[in-house]
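The values are calculated or read from the model by the stated rules, or taken from the named source; none is laboratory data. Treat the numbers as computed from the prediction; the structure is a model and nothing was measured. Here Cβ is always computed from backbone atoms with ideal geometry, including for glycine, and neighbour counts include all displayed protein chains. What goes into the accessible areas is simple: the full protein's heavy atoms, side chains included, and nothing from ligands, DNA or RNA. Shrake-Rupley method; radii C 1.70, N 1.55, O 1.52, S 1.80 Å.
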Amino acid sequence: MTTPLWTQEETIAATGGKAEGARWAASGVSIDSRTLQPGDLFVAISGENSDGHVFVESAFAKGAAAAIVSKPTDKMRAAGPLVIVADTLAALNALGRAARRRARAGIVAVTGSVGKTGTKEALHFVLSEQGATHASAASYNNLWGVPLSLARMPADTRFGIFEVGMNHPGEITPLSKLVEPFVALITTVEAVHLAFFNSVEEIADAKAEIFDGLQEGGVAILNRDNPHYARLRARAEARGAARIISFGAHADADARLDKVALNESCSCVSATICGQKVTYKLAVPGRHIAMNSLAVLACVQALDADLALAALAMAQLKAPKGRGERHVVSAPLGDFTVIDESYNANPASMRAALAALGQSSPAGSGRRIAVMGDMLELGDDSIAMHRELAGDIAAAGIGLVFACGPHMRELFKALPTTVQGGYAETSDVLAPLLRDAIRPGDVVMVKGSLGSRMGPLVEMLLGMGDDDGASLRRNRGA
Ligand SMILES: Nc1ncnc2c1ncn2[C@@H]1O[C@H](COP(=O)(O)OP(=O)(O)O)[C@@H](O)[C@H]1O
Ligand SMILES: [Mg+2]
């Protein structure tokens with residue numbers, strides 16, 4: 001093994017646990033035996049649905065180096081070395097804290113109503129070529145995801161990027177104090193999770209908790225175009241931010257968009273980042289991604305990394321899974337395009353995705369098709385928030401809408417009949433309607449909340465490339 005991530009001694013020192021069994025060193029940390037890699041330290045966390053203690057033996061069978069447990073049994077002892085603690089989640093936090101303390105990295109915390117993962121991934125990508133960069137996996141942004149991501153950070157990391165999320169007020173404060181960011185970035189504040197909040201101002205305040213753990217001399221990066229900018233700025237200042245970098249199209253933004261050309265598969269951006277002019281190609285389309293890219297470059301600047309190199313790297317950026325990935329489906333009688341936005345949806349990201357679909361140019365007799373599933377957790381105004389998308393659909397020149405779910409039904413009914421492609425209560429019932437409507441040249445964007453199960457529709461569309469093209473033949477010129 002190269003330098004271990006955690007030795008037995010370091011783990012004991014960090015957690016105050018009691019070691020049992022042979023000496024060990026671990027190359028990773030895992031809380032899920034299904035994805036555990038050989039050499040990982042397994043931490044038996046009790047979740048909502050299961051208790052990690054049940055999986056300790058299977059973790060060892062998969063090659064775990066050791067396990068942190070609070071309820072040891074003789075079977076566990078026989079399976080491998082243990083670290084016995086009173087509370088395993090507290091132990092994971094202790095490991096995260098120890099990782100934070102030993103790192104001399106530039107640490108970034110990314111939060112916001114939308115765009116956290118995409119921005120985190122973009123930072124990971126552009127900084128990786130400038131130094132050892134560690135970032136949270138997937139959307140590991142909650143009370144176990146953040147300490148786990150910290151605990152996985154190698155000691156010699158130069159840049160550490162952590163996603164921090166919340167559903168309720170008060171959740172970000174302890175996570176921010178654990179991460180102790182040098183740079184705290186809020187992508188944007190939007191009406192998301194309104195079911196758990198009384199107002200968007202309350203959401204802004206909850207996001208501003210990201211400054212509670214800001215390092216001394218730290219930097220806040222804020223969206224200048226967002227209506228809550230002044231509120232967030234005041235909070236950052238009150239928390240002692242030494243520097244505030246604003247980003248956006250606003251004339252006063254420190255990382256300012258000067259010009260953007262939105263193309264079907266990329267954007268060309270001219271910007272001024274803290275006085276430095278940069279022009280770059282951004283390989284993920286959509287105005288929202290261009291705005292996020294300004295925040296990324298502001299962050300690069302705050303970290304004293306190379307701005308020009310980072311801007312160049314934007315030409316190789318890829319959309320994270322289910323957040324705007326493009327696929328050309330080659331069916332025997334013609335190609336059509338699928339934009340996979342199935343990962344999740346709320347009004348802000350739905351609008352952004354519709355606008356990006358509006359930038360596409362369908363070939364031949366193809367159309368822009370939006371396949372939309374319910375946006376969940378929006379609270380009392382949910383129906384109105386669904387209906388309001390009718391304006392965005394018209395503005396983006398969308399030719400056909402397929403909708404599923406009781407809330408989308410209300411939007412569907414509000415659309416001109418010529419645009420009504422089909423409606424069904426659930427995505428599996430919608431699937432054959434959509435399949436039968438596809439023509440060569442179409443550009444089909446699929447989006448909805450995770451709970452709306454839009455993923456299978458993307459699978460179905462991608463699968464059309466494998467069949468004999470019968471459905472395309474049927475619809476040709478229809
Ligand atoms: N600035 C933005 N404004 C609106 N939508 C955005 C923005 N940034 C990203 N999105 C969209 O929001 C959705 C979620 O993106 P993601 O990066 O996973 O955010 P999060 O991690 O905050 O959930 C995607 O559809 C993405 O394209
Ligand atoms: Mg995320």
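Open to solvent by 30 Å² or more (accessible area, probe 1.4 Å) and closer than 19 Å to Cys299 by Cβ, is that true of Ser176?
no
Please go through segment 308-322 and give me each residue that is open to solvent by 10 Å² or more (accessible area, probe 1.4 Å) and either within 19 Å of Arg158 (Cβ to Cβ) or away from ligand 1 (no atom under 16 Å from the Cβ) (or both), ordered by number.
Ala308, Leu309, Leu312, Ala315, Gln316
Criterion first (farther than 30 Å from Ala132 by Cβ, of a type outside the set (Gly, Ala, Ser) and either in a strand (DSSP E or B) or at pLDDT 95 or above (or both)) does Asp335 satisfy it?
For Asp335, the condition - farther than 30 Å from Ala132 by Cβ, of a type outside the set (Gly, Ala, Ser) and either in a strand (DSSP E or B) or at pLDDT 95 or above (or both) - is met.
Which of the strands (runs of 3 or more DSSP E) found entirely inside segment 364-442 contain at least 2 residues meeting this: open to solvent by 10 Å² or more (accessible area, probe 1.4 Å) and not hydrophobic (A, V, I, L, M, F, W, C)?
Hits in segment 364-442: 420-424.
For every residue, the table says whether it meets (1) among the hydrophobic types (A, V, I, L, M, F, W, C); (2) in contact (Cβ under 8 Å) with a residue 24 or more places away in the chain.
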| position | (1), (2) |
| --- | --- |
| Arg233 | no, no |
| Asp252 | no, yes |
| Ile289 | yes, yes |
| Leu309 | yes, yes |
| Glu325 | no, no |
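Tell me, which residue of segment 327-336 that is surrounded by fewer than 24 Cβ atoms within 10 Å (Cβ to Cβ) and in contact (Cβ under 8 Å) with a residue 60 or more places away in the chain is nearest to Ser113 (Cα to Cα)?
His327
Which is among the basic types (Lys, Arg) and either closer than 30 Å to Ala310 by Cβ or part of a strand (DSSP E or B) (or both), of Arg101, Arg77?
Arg101
Can you tell me which of Ala44, Ala99 is farther than 18 Å from Met153 by Cα, more than 16 Å from ligand 1 (Cβ to nearest atom) and free of Cβ contacts under 8 Å to residues at least 60 places away in the same chain?
Among Ala44, Ala99, only Ala44 is farther than 18 Å from Met153 by Cα, more than 16 Å from ligand 1 (Cβ to nearest atom) and free of Cβ contacts under 8 Å to residues at least 60 places away in the same chain.
Give the residues of segment 141-160 that are within 19 Å of the chain's Cα centre (by Cα) and more than 10 Å from Leu5 (Cα to Cα), sorted by residue number.
Selection gives Asn141, Asn142, Leu143, Trp144, Gly145, Val146, Pro147, Leu148, Ser149, Leu150, Phe159, Gly160.
Taking segment 239-273, which residues are open to solvent by 40 Å² or more (accessible area, probe 1.4 Å) and at positive phi?
Gly240 - this is the single residue of segment 239-273 that is open to solvent by 40 Å² or more (accessible area, probe 1.4 Å) and at positive phi.
Residues in segment 183-190: is at least one away from ligand 2 (no atom under 13 Å from the Cβ), modelled with pLDDT under 95 and open to solvent by 10 Å² or more (accessible area, probe 1.4 Å)?
The answer is yes, given that some residue of segment 183-190 is away from ligand 2 (no atom under 13 Å from the Cβ), modelled with pLDDT under 95 and open to solvent by 10 Å² or more (accessible area, probe 1.4 Å).
Residues are listed down the side, and each one gets a yes or a no for (1) within 16 Å of ligand 2 (Cβ to nearest atom); (2) over 28 Å from Ala253 (Cβ atoms):
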{"site": "Asn292", "(1), (2)": "yes, no"}
{"site": "Ala305", "(1), (2)": "no, no"}
{"site": "Ala310", "(1), (2)": "no, no"}
{"site": "Lys321", "(1), (2)": "yes, yes"}
{"site": "Arg326", "(1), (2)": "no, yes"}
{"site": "Val329", "(1), (2)": "no, yes"}
{"site": "Asn346", "(1), (2)": "yes, no"}
{"site": "Gln359", "(1), (2)": "no, no"}
{"site": "Met372", "(1), (2)": "no, yes"}
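Look through Ala14, Ala64, Ala19 and report the one residue that is in a strand (DSSP E or B) and open to solvent by 10 Å² or more (accessible area, probe 1.4 Å).
Only one candidate qualifies: Ala19.
Scan segment 27-53 for residues that are out of contact with any Ser or Thr (no Cβ under 8 Å at 6 or more places or on another chain), farther than 19 Å from Ala138 by Cα and part of a strand (DSSP E or B) and report the count.
So the count comes out to 1.
With (1) under 30 Å from Arg152 (Cα atoms); (2) touching an Asp or Glu at 6+ places or on another chain (Cβ under 9 Å); (3) among the hydrophobic types (A, V, I, L, M, F, W, C) as the list, and Val269 as the residue in question, which single condition is left unmet?
Condition (1) is where Val269 drops out.
Specify the residue that is farthest from ligand 2 (Cβ to nearest atom); the eligible residues are those in segment 115-146 that are small (Gly, Ala, Ser) and touching a residue at least 40 places away in the same chain (Cβ under 8 Å).
Top of the filtered list is Gly131.
Residue by residue through segment 142-161, note down the ones that are within 15 Å of ligand 1 (Cβ to nearest atom) and over 18 Å from Phe182 (Cβ atoms).
Passing the criteria: Asn142, Gly145.
Only one residue in Ile172, Ile186, Ile203, Ile245 is among the hydrophobic types (A, V, I, L, M, F, W, C) and closer than 19 Å to Arg287 by Cβ. Which one?
Result: Ile186 is the single residue among Ile172, Ile186, Ile203, Ile245 that is among the hydrophobic types (A, V, I, L, M, F, W, C) and closer than 19 Å to Arg287 by Cβ.
Test each condition in (1) within 16 Å of ligand 1 (Cβ to nearest atom); (2) open to solvent by less than 50 Å² (accessible area, probe 1.4 Å) for Glu121 and report the one that comes out false.
Going through the list (1) within 16 Å of ligand 1 (Cβ to nearest atom); (2) open to solvent by less than 50 Å² (accessible area, probe 1.4 Å), Glu121 breaks only (2).
In segment 126-173, which residues are among the aliphatic types (A, V, I, L, M), open to solvent by 10 Å² or more (accessible area, probe 1.4 Å) and part of a loop (DSSP other than H, G, I, E, B)?
Ala132, Ala137, Ala138, Leu143, Ala155, Met166
Are any residues in segment 453-469 surrounded by 13 or more Cβ atoms within 10 Å (Cβ to Cβ) and either assigned to a loop (DSSP other than H, G, I, E, B) or at pLDDT below 95 (or both), and if so, which ones?
Hits for segment 453-469 are Arg453, Met454, Met464, Gly465, Gly469.
Got a number for residues in segment 92-114 being within 16 Å of ligand 2 (Cβ to nearest atom) and open to solvent by less than 10 Å² (accessible area, probe 1.4 Å)?
Summing the residues that are within 16 Å of ligand 2 (Cβ to nearest atom) and open to solvent by less than 10 Å² (accessible area, probe 1.4 Å) in segment 92-114 gives 5.
So if I check each of Gly366, Gly286, which one is in the same structural domain as Leu430 (by TED's automatic domain parsing) and out of contact with any Leu (no Cβ under 7 Å at 6 or more places or on another chain)?
Step by step, each of Gly366, Gly286 is checked, and only Gly366 is in the same structural domain as Leu430 (by TED's automatic domain parsing) and out of contact with any Leu (no Cβ under 7 Å at 6 or more places or on another chain).
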